[in-house]
Amino acid sequence: MTVTPAVHPNGEEVIISIQLPGRELYIKVWQLQVGRIVIYFLDADLAQNSLEDRSLTSKLYGGNHDTRISQEIILGIGGVKALRELGIAPTAWHINEGHAAFSILERVRELVQRGIPFHTACEAVRSCTIFTTHTPVPAGHDVFSSEMIDHYLGHMYEKLSIDRNTLIGMGWDDLRHGFNMTRLAMNNAIFTNGVSQLHGKVTKQMFAYLYKSIPLRRYQFTM
């Protein structure tokens, strides 16, 4: 199957940029047609980027926490920007695992930039967001320190018209002492599920500490 560059109506290739600490990262969008479905890929291997940055999209797993948060900014924030450049306006957004949860921040930012108050924007985003968690072990849920959030996303505080504590609070996990990508997704999705009944049961037990006032039997985590 042939992967081809995604292009604008005028034939220009779709290239977006996102902000990383001290620099802009440029990302090319590729596409693959599979039946009636188009799959889009994000590629940082461009001459405009440093050699280190060009490798960010070379493999899915590996590297350190800086690599992981950079990749998740590319997927989450970059993914929203890519869809906008392609003229795609989803009515529902499905986040598969926490890796794409930064898409929530970008979608809230879009609404805030249009003059909508932050908390209203959060509710609007939440109303059309679905989250599926896949990995029933703590290591499968990325957690970043508050200092890393400052370093990589500090520029978002002003864009969202909020202070540092409000943004960090969107995903803060007291038990793991950090910004939990799964909690960010759970807090801002109208519906959360697992990939099987057993997985849902295990995941409810894993995250019950976040919802201490709700007995396990009372909240649903379904297929």
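The values are calculated or read from the model by the stated rules, or taken from the named source; none is laboratory data. Every value quoted in this text rests on a predicted model; they were computed, and no experiment measured them. No Cβ is skipped: glycine too gets one built from the backbone with ideal geometry, and neighbour counts run over all protein chains shown.
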Exercise. Is there a residue being within 14 Å of the chain's Cα centre (by Cα) and in a strand (DSSP E or B) anywhere in the stretch 77-91?
Worked result: no
Problem set entry | the stretch 201-214: number of residues that are within 29 Å of I77 (Cβ to Cβ) and free of Cβ contacts under 8 Å to residues at least 24 places away in the same chain | 1
Seminar exercise, completed: For the stretch 67-101, the count of residues that are in contact with a helix residue (DSSP H, G or I) (Cβ under 9 Å, 6 or more places away or on another chain), modelled with pLDDT of 95 or more and acidic (D, E) equals 1
Exercise. Which condition does N64 not pass, out of (1) touching a residue at least 12 places away in the same chain (Cβ under 8 Å); (2) surrounded by fewer than 15 Cβ atoms within 10 Å (Cβ to Cβ), if it passes all the others?
Worked result: (1)
Seminar exercise, completed: Within the stretch 8-31, residues surrounded by 14 or more Cβ atoms within 10 Å (Cβ to Cβ) and either more than 29 Å from S146 (Cβ to Cβ) or over 20 Å from the mean Cα position of the chain (by Cα) (or both) come out as V14, I15, K28, V29, W30, Q31
Exercise. Just one of F118, F102 is more than 13 Å from the chain's Cα centre (by Cα) and of a type in the set (F, W, Y); which is it?
Worked result: F118
Exercise. Before we move on, is E52 within 28 Å of V143 (Cβ to Cβ), within 17 Å of the chain's Cα centre (by Cα), not in a strand (DSSP E or B) and not hydroxyl-bearing (S, T, Y)?
Worked result: no
Exercise. Out of curiosity, is Y26 hydroxyl-bearing (S, T, Y) and touching a Ser or Thr at 6+ places or on another chain (Cβ under 9 Å)?
Worked result: yes
For this session: Tell me which residues, restricted to the stretch 37-49, are over 13 Å from Q71 (Cβ atoms) and part of a loop (DSSP other than H, G, I, E, B).
Result: D45, L46, A47, Q48, N49
For this session: Could you grab me the full set of residues in the stretch 1-26 that are in a strand (DSSP E or B) and more than 13 Å from I74 (Cα to Cα)?
Result: T4, P5, V7, E13, R23
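Residue-by-condition table, conditions (1) touching a residue at least 12 places away in the same chain (Cβ under 8 Å); (2) at negative phi; (3) of a type in the set (A, V, I, L, M, F, W, C):
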site	(1), (2), (3)
P21	yes, yes, no
G35	no, no, no
T57	yes, yes, no
V108	yes, yes, yes
Q113	yes, yes, no
